[in-house]
Structure formats: structure tokens, C-alpha cells
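K.L.:
Just passing along the structure, written as C-alpha cells.
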Amino acid sequence: MPDLSPIPFVKAFVAGDELAYVNQSFASAAVVGDGPFTARASELLTKLAGGVGALLTPSCTHALEMTALLLDLEPGDEVIMPSFTFVSTANAYALRGAVPVFVDIRPDTLNLDETQVEAAITDRTKAIVVVHYAGVAVEMDTVLAIADKHGLTVIEDNAHGLGGSYKGRPLGSLGQMATQSFHGTKNVHCGEGGALVLNDADLLHRAEVIREKGTNRSQFFRGQVDKYRWIDIGSSYLLADPLAAFLTAQLELFEEIQAPRLTMWQRYHDKLPEWAQANGVGLPTVPADCVHPAHMYYVVMPSHEHQLGLIAHLRERNITAAFHYVPLHSAPAGKKYGRVGPGGCDVTEDLSSRLVRLPLFSQLTETEQDRVLDGLFSYPL
Ligand SMILES: *Cc1c(COP(=O)(O)O)cnc(C)c1O
């Protein structure tokens, strides 16, 4: 009998100390946001992602919404971004009345094609949002130079990239702002959670106000002002401290969480090239100056039929593999709220219709991974 026990696509990781820290948080009664575990997790995060400071949020989606508030967007302003990303990247700006302008991706890294960014800039453009897909860096020197020339803010949606780097600099420290996700499907998680990383002290101070309902409550608690008042627009973007406690336990063991992921990622990458080359299948490209945190492993099948075929073939073996983003520019809300830049999104449409993500998580065993590989090798191409 072949082994048909289920192999999920992702499995949330428990590092060890999470529940002890959560209990400690509840026992201390410091359960609201911005407590002692928030301080610990934020400090650990700043070591990994750089920046002058990090603010924990209930999700990456909320952190993206904070970037939209920090940009002071007005209806009709434009924000350049890839179409090949999660809905939250676009939603955050559409919520402020701004127009997401979708630029195509590169065929090798599936990242925003930096050579098409400048042509998409108009006099309404306010920012460029990059997504380090699978934790492999966007060609940031080019993007930052374009942004500098046109006076635009660069935001990194770094939901995949915690622990990755570009030319020796951590992902998250390259733009003026970066957002992190600690959703249960990400390498490091607390169920649902996120963070806004700021690389500018003025932005950090204003972000502190925005996440405290537009008040200077954080300064009040530090004894910097004698009362707190409503001084700006804002909302409630704090993460409860027991969730920050859970996250602290994960961030403390970041290397232990990452080590097996990196091994498993590399094992796919060592075992697949011969099969891929013989069958016209694409594999991830990691440019020489990029270090990635093994967030995801994917194959690019020769056609859309083979994307669906491979997913079904693996499912018969009780293995869950997944396609990824449905291009935002072709989605109903993308058409309503956004527009496509002058270069079109042909690469996005093509690759999203062929990409298959394979199971990758810290607890994946070699035996399980061998079953995934057998599934690929036995698929009729
Ligand atoms: C996961 C993800 C998000 C959203 O993260 P949440 O924490 O669930 O809000 C945003 N952008 C990208 C690129 C993601 O992968």
C-alpha cells in the first residue's frame, strides 16, 4: 500500500515557549496592546528587518492601511504596485480613494519589473509598493533611484521576506516603510498578526499616533506629555499583548524555525532541475545578491492545463499543492478601483496561470518531501 497520509500545503509552527509566554501575559494582566511582550517582539523584529522601529499590528493588512494613512493620500492619487500580489496590497490604497496602478512582473523572480515602473509614473503618483515574492528581493537599487528622482515613497510589502536580504541589507529596511505578516501561513506567526516597520523617525512618531486612534497616548505613557489628546486621524491598530507573547516565542527561535525550511527548500532545488529542464518546467530564480528566507517553493508548469493537472495529480496522492495570486488587474475589484500601467500585465497573466506552490513548512519530513517529488516525477508531461 502506498503511503497516502495527508501532506498539507502549510502547517503552522509551534516553537515551544508560546503557551508559557501567553500564560505569563494573562497572569500579568497587561493584556492590552503595547505591553511588555509587544516591546520584546518589536525589538526582535527590528533586529531582523532593520528600521528605526517596528509597530505590531493585528495583521499585515492593517499595517498596509497605516502606510496609506501615512501617505496622506487623496482621491485620485496613484500607487504603483504589481498585479501579482495579495488583495491587501491594493485594498489599503483603494480604501483611501487612491488608484492602484498595476505594473507587470519579471519572468525570472516574479517580482515587480523595475524596467516598467518609470513609464507608469504620472503627476498623481505618490508611492511604489514592492512585494518581495517568495522572499526574493525586488531589484531595489533601481526602484529606489526612480523613487528618489520622482519624489515618491517606497513601501515594501515584506509579508514573505522576513529574514531575507538584498545586497547584505535586510528586507524591510530598504523602503521608507515595510509591512510584515504573522498570519498562520507565514514562516513566523501568532495566528493573525503583522507589523509596520519604519525607516524614518518622523514616520515612526506619526505611525504611533495613527495606531492609537489618532492620539498621543504612547507619548503620554512614556511621560513625554501630561495628557493625551486627539491630534491626528487614526484607528485602533494595536496587537493584544498575549498575541505579542506568542510572537515573541517564535521570534526568539527564528533560526530554529528557519533551518529546516531552508534545508527543505534547497532539497527541492537540488532534486528538481533535471526533471524541470527535460519537461519545460520553470524553477525559482534567486539573483546572486539576494538571500531568501525559504517562504515558498514553486514550479512553473508548461501550460495552464498542466497547472491544474499537476494539482489534481498530487491531490490523488493526498498532497496539497496550490496555485497562487489571481492577478488583481483582472479581478472585479481590480478593474473597478485600479488600472493597468502602460506596459500591460502579460507576464503576470501567463505565470499566474502556470505556477504551482509545493508543500513547505518546518515540520515537513524528508519522507514526505520524497512523496511530493515522486508525485511530480510521475505526473505525465
Ligand atoms: C499574507 C500576505 C498579506 C496579508 O497578510 P495578513 O497578515 O493576513 O493581513 C499581504 N501581502 C502579502 C504579499 C501576503 O503574502
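Quick note: the coordinates plus some simple rules give every number you see, no bench work behind them. Owing to the predicted nature of the structure, the values given are computational and were not obtained by experimental measurement. Cβ coordinates were reconstructed from backbone atoms using ideal geometry, including for glycine residues, and neighbour counts include every protein chain displayed.
K.L.:
Which value results for Rg/Rh of the range 42-147 when Rg is the Cα radius of gyration and Rh the Kirkwood radius based on the inverse mean 1/r?
P.N.:
Numbers: Rg = 14.0 Å, Rh = 14.6 Å.
Rg divided by Rh gives 0.96.
K.L.:
List, in order, the whole-Hz ³J(HN,Hα) value for each residue of the range 290-300 obtained from phi through the Karplus relation with A = 6.51, B = -1.76, C = 1.60 and θ = phi - 60°; use x for Gly and Pro.
P.N.:
10, 10, 10, x, 6, 7, 7, 10, 9, 10, 10
K.L.:
Which angle from 0 to 90°, rounded to the nearest 10, does the C-alpha axis of helix 254-271 make with the longest principal axis of the chain?
P.N.:
So the helix axis and the longest Cα principal axis differ by about 30 degrees.
K.L.:
For residue 123 and residue 259 in one chain, what is 0.36 nm times their gap in residues minus the Cα-Cα distance, to one decimal in nm?
P.N.:
Stretched fully, the residue 123-residue 259 segment lengthens by 44.4 nm.
K.L.:
Quick one: 1, 296, fewest Cβ neighbours within 10 Å first, how do they rank?
P.N.:
Values: 1 3, 296 22.
Listed from fewest to most nearby Cβ atoms, that is 1, 296.
K.L.:
Mind giving me the nanometre distance, one decimal, between the label points for residue 330 and residue 285, set 7 Å out from Cα along Cα→Cβ?
P.N.:
The modelled label-to-label distance comes out at 2.1 nm.
K.L.:
Just from the alpha-carbon atoms, what are the Rg and Dmax of the chain in angstroms?
P.N.:
Rg then Dmax for the chain, in Å: 21.1, 72.
K.L.:
Where does each of 139-149, 278-288 land if you order them by average Cβ count within 10 Å, highest first?
P.N.:
On the way: 139-149: 16.7, 278-288: 14.5.
Averaged packing, sorted descending, gives the order 139-149, 278-288.
K.L.:
I would also like to ask the following. Once label points are set 7 Å from the Cα along Cα→Cβ at both residue 346 and residue 227, what is their separation, rounded to one decimal in nm?
P.N.:
6.4 nm
K.L.:
How would you classify the range 261-381 from its alpha-carbon gyration tensor, with a ≥ b ≥ c the square roots of the eigenvalues: rounded for a/c under 1.5, else prolate if a/b is greater than b/c, otherwise oblate?
P.N.:
Numbers: a/c = 1.88, a/b = 1.55, b/c = 1.21.
It is prolate, given that a/c is not under 1.5 and a/b is the larger ratio.
K.L.:
Right, next: For 326, 129, what ranking results if the residue with the fewest other Cβ atoms within 10 Å of its Cβ goes first?
P.N.:
Going from least to most buried by this count: 326, 129.
K.L.:
How many percent of DSSP beta bridges within the range 18-252 run antiparallel, rounded to 5?
P.N.:
Numbers: 16 of 32 bridges.
Within the range 18-252, antiparallel bridges account for around 50 percent of the total.
K.L.:
What relative contact order, as a whole-number percentage, does the range 1-153 give when Cα pairs under 8 Å and 6 or more residues apart are counted?
P.N.:
16 percent
K.L.:
Follow-up question, since we're still on this one. Normalised by the number of residues in the chain, what is the relative contact order in percent for Cα pairs under 8 Å and 6+ residues apart?
P.N.:
Contact order relative to length: 24 percent.
K.L.:
Taking 0.36 nm per residue of sequence separation and subtracting the Cα-Cα distance, how much length would be gained by fully extending the chain between residue 205 and residue 363, in nm to one decimal?
P.N.:
Gain on extension, residue 205 to residue 363, equals 52.9 nm.
K.L.:
Sorted by packing (mean other beta-carbon atoms within 10 Å per residue), highest first, where do 297-310, 5-18, 52-65, 225-238 land?
P.N.:
Working: 297-310: 18.5, 5-18: 15.6, 52-65: 24.1, 225-238: 13.9.
Put in order of decreasing packing, that is 52-65, 297-310, 5-18, 225-238.
K.L.:
Hey, another quick one. Give, in nm to one decimal, the length gained when the segment between residue 169 and residue 108 is fully stretched (0.36 nm per residue of separation minus the Cα-Cα distance).
P.N.:
Contour length minus Cα-Cα distance gives 19.8 nm.
K.L.:
Return, ordered by residue number, the residues of the range 236-278 whose backbone nitrogen is under 12 Å from a label point located 7 Å along Cα→Cβ of residue 26.
P.N.:
Residues 242-243 fall inside that zone.
K.L.:
Can you find, among 170, 187, 138, the residue farthest towards the positive end of the dipole of the range 81-203? Put +1 on the C-beta of Lys and Arg, -1 on that of Asp and Glu.
P.N.:
The one lying farthest along the dipole's positive direction is 187.
K.L.:
Percent antiparallel among DSSP beta bridges with both residues in the range 31-168, to the nearest 5?
P.N.:
Counting only bridges with both partners in the range 31-168, antiparallel ones make up about 5 percent.
K.L.:
Do the sum for the chain: with -39,500 (n - 2.57) for every DSSP H run of n ≥ 4, divided by all residues, what is the mean residue ellipticity at 222 nm, to the nearest 500 deg cm²/dmol?
P.N.:
Estimated from H runs of four or more residues: -11500 deg cm²/dmol.
K.L.:
As a quick test, which of the pairs 126/227; 11/126; 47/335; 11/271; 11/335; 271/335 have an alpha carbon distance above 31 angstrom in this structure?
P.N.:
126/227; 11/126; 47/335; 11/335; 271/335
K.L.:
By its C-alpha gyration tensor, with a ≥ b ≥ c as the square roots of the eigenvalues, how is the range 1-82 shaped: rounded for a/c under 1.5, else prolate for a/b larger than b/c, else oblate?
P.N.:
In terms of gyration-tensor shape, oblate.
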